Amino acid sequence: MKESVIENTSEVKVPSIEVEIQSEVAKKEKNRLWVYLVLIPLIFVGDRGIGAFLEYLTMTSNLRYSKLYNGKGEADVVILGNSRGNGYYEPEIRKITGMTTLNLSYNALPGEVGQVLIEDYFERYKTKLLIVDISLVMRTEDQVITSFSPYISKSEKMDSLIHDVSSATARGCQISKLYQYNSELFHRALYYLGNQEGDWILDKQIKEELLTLDNLDDSLDVVITKKGLDNLKVIADVAKKHNAKVEFVIAPYHSIWLNKIHNIKDFLAAVTKHTGVEVRDYCRLTNDKTCYSDYLHLNKKGSLLYMKQLQDDGVFDLN
């Protein structure tokens with residue numbers, strides 16, 4: 001009888017290791033659930049809130065594209081081109097014409113973006129004269145297209161174009177508002193928050209060694225594409241539809257570069273045939289080294305010479 005009592009009192013019930021583990025797992029799952037319920041909504045709200053602030057900064061900027069989409073972009077003369085389009089010195093154009101200007105050119109600007117910018121412009125404003133430097137359709141760089149992501153909320157066409165070029169960028173912009181402003185153009189917009197644009201012309205002279213050492217490829221021929229020609233045709237047709245004068249031009253090149261473009265005349269002829277707009281050819285306007293910042297771009301001195309020639313040739317005339 002005593003042995004039985006001793007045996008019963010020696011039995012001690014303790015939770016098993018398995019029960020303890022399950023309890024700890026349940027606690028962790030509960031904590032993780034609270035993270036999901038609280039942290040993720042906070043991230044979403046923060047992303048949208050900060051994104052809205054960045055959009056406000058972008059749209060209050062004096063950057064040319066911000067002005068296009070914030071209601072302050074109307075001008076008598078609109079200019080479109082790639083980096084060579086930045087050589088159309090706006091202060092001089094305003095001086096000799098008495099008209100307001102808006103230059104929508106951008107470094108390596110592709111024809112597809114140029115078309116969207118002009119379509120968006122004429123949906124919002126009127127202009128008297130559209131000057132297009134057709135060299136913008138010579139080459140296309142997709143990364144330049146996606147850099148216009150800060151403006152997709154203001155332009156369905158730009159949003160669609162970026163989606164066609166990079167679905168990854170488009171998805172990123174849909175998931176995160178902040179991702180939309182991961183762009184060089186946003187940085188430019190910040191710079192021009194307190195500054196007026198003026199102009200982007202390079203006021204320097206081409207380096208002497210570039211003139212004495214020809215290390216360029218033997219051929220820099222234009223790749224003439226139907227897409228590029230179609231872009232120019234749409235640009236011209238939209239402008240004409242809105243009663244704007246359209247001028248297709250091509251700015252000067254230094255001869256070292258130009259002599260490598262063996263099919264330049266074929267390119268100009270193809271543009272005229274496809275669009276119905278005669279191209280004014282200024283490729284050989286000057287070979288004065290003091291007028292160039294590099295092979296492809298005029299400096300301020302060169303631009304002043306070029307603008308005078310455009311005036312003498314009636315490019316700025318509206319009759």
Using DSSP to call loops (not H, G, I, E or B), can you name the trypsin sites (Lys or Arg not before Pro) in segment 228-319 whose Cβ has at most 15 other Cβ atoms within 10 angstrom? Arg284
Scoring only Lys, Arg, Asp and Glu (+1, +1, -1, -1) among other residues with Cβ under 14 Å from the Cβ of Ile96 yields -3
Can you give me the pair-distance distribution of segment 192-316, C-alpha pairs, 5 Å bins, whole percents? 2, 10, 16, 17, 18, 18, 12, 6, 2, 0
Rounded to the nearest 500, what is the 222 nm mean residue ellipticity of the chain from helices alone, with -39500 (n - 2.57) per DSSP H run of 4+ residues and division by all residues? -15500 deg cm²/dmol
Can you list residues from other chains, or at least 5 along the same chain, whose modelled amide H is less than 5 Å from the amide H of Leu298? Ser293
Share of the chain's accessible area from carbon and sulfur, percent, 1.4 Å? 54
Sum of side-chain charges, Lys265 neighbourhood, beta-carbon under 15 Å (Lys, Arg +1; Asp, Glu -1): 0
Among beta bridges that DSSP assigns inside segment 43-313, antiparallel share in %, nearest 5: 5
Running a GNM on the chain with Cα contacts under 10 Å, which residue among Asn299, Asn243, Asn231 ends up with the highest mean-square fluctuation? Asn243
Taking the Cα centre of each part, how many Å lie between segment 71-143 and segment 194-267? 13
State in Å² the accessible area per residue of the chain; use a 1.4 Å probe, count heavy atoms of protein chains only, and round to the nearest integer. 54
Size of segment 43-313 along its principal axes in angstrom, Cα-based, largest extent first? 57, 41, 37
Surrounding charge for Ser61, neighbours by C-beta under 9 angstrom, Lys/Arg +1, Asp/Glu -1, total +2
So which lysines pass the test for Lys300, namely a Cα distance under 18 Å, with those fewer than 8 places away in the same chain ruled out? Lys95, Lys204, Lys207, Lys289, Lys308
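The values are calculated or read from the model by the stated rules, or taken from the named source; none is laboratory data. Computed from a predicted model, the values in this text were never measured in an experiment. Ideal geometry is used to build each Cβ from the backbone, glycine not excepted, and the neighbour counts take in all protein chains shown. Ligands, DNA and RNA are stripped out before the accessible areas are found, and what is left, the full protein with its side chains, is counted by its heavy atoms. Shrake-Rupley method; radii C 1.70, N 1.55, O 1.52, S 1.80 Å.
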